[in-house]
Amino acid sequence: MGMEHVWTGIRPRAVLFDLLTGLIDSWTLWASVAGGRDGRRWRETYLRKTYAEAAYRPYEDLVREAAVDSGLPAAFADRLVARYGELEPWPEVGEVLARLAEDVPLAVVTNCSDELGHVAAARIGIAFKAIVTAERAGYYKPHPRPYRLALEALGLRPDECLFVAGSAYDLTGAASVGLPVFWHDRIGMTAPPGSPAPVGRYDTLFPLLPMVLGTPNA
């Protein structure tokens, strides 16, 4: 998947990431718990519910409700939570983030609980300057509060940063606070109607390196 728009902005002073799709292949774990297509339908149902939720309710409750709405046993939510430590980053994440971290601070903005957000972030193996969860913010993305909390932790303006979206729903949320958005569309999602265009849309994180570091791509 190639770039939709050429990056012409200044080099960002920090990079913020969606965690559970932007950096981590959470889809495989959901599929493992529920089985193939059922897992994808469950996760897509969860995403729609979460991004329509606004004020925080327990993440586990939303996962459980999404299972039931998808025709799956509610107990699958407990199995998923119990296996959160099995989450794996996308293959190039370690290399790309290690190089970025040498030059700029990195932060995470994720729609889950504090406990599970930190479990998932630890799977990356990088020291993030900020990990902002929906529970900490009191709101789920795309509400502005989670993004703004991360910017406050970094001490930077939105136009000084770059947000890496995994879910298509982050296109609107991040842009609403003035963050340029790089869409890491790993699984081939459809953007909601009227979503702002990202500065780039790729199925890999490697193009982040020249955008952020100003160096040739790996």
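Observations, loosely collected:
- If you go through the range 34-50 and keep only what is surrounded by fewer than 21 Cβ atoms within 10 Å (Cβ to Cβ) and not polar (S, T, N, Q), you end up with G35, G36, R37, D38, R40, R41, E44, L47, R48, K49.
- With respect to the conditions (1) of a type in the set (S, T, N, Q); (2) farther than 26 Å from P91 by Cα; (3) surrounded by 17 or more Cβ atoms within 10 Å (Cβ to Cβ); (4) touching a helix residue (DSSP H, G or I) at 6+ places or on another chain (Cβ under 8 Å), S167 lacks only one, and its number is (2).
- Complete set of residues in the range 86-127 that are touching a Pro at 6+ places or on another chain (Cβ under 9 Å) and closer than 20 Å to R186 by Cβ: L97, V109, T110, N111, R123, I124, G125
- Single unsatisfied condition, G35 versus (1) within 19 Å of the chain's Cα centre (by Cα); (2) at pLDDT below 95; (3) over 25 Å from P192 (Cβ atoms): (1)
The values are calculated or read from the model by the stated rules, or taken from the named source; none is laboratory data. For clarity, every value in this text was computed on a predicted model and none was experimentally measured. Counting neighbours? That spans all protein chains shown, and the Cβs are built from the backbone with ideal geometry, glycine included.
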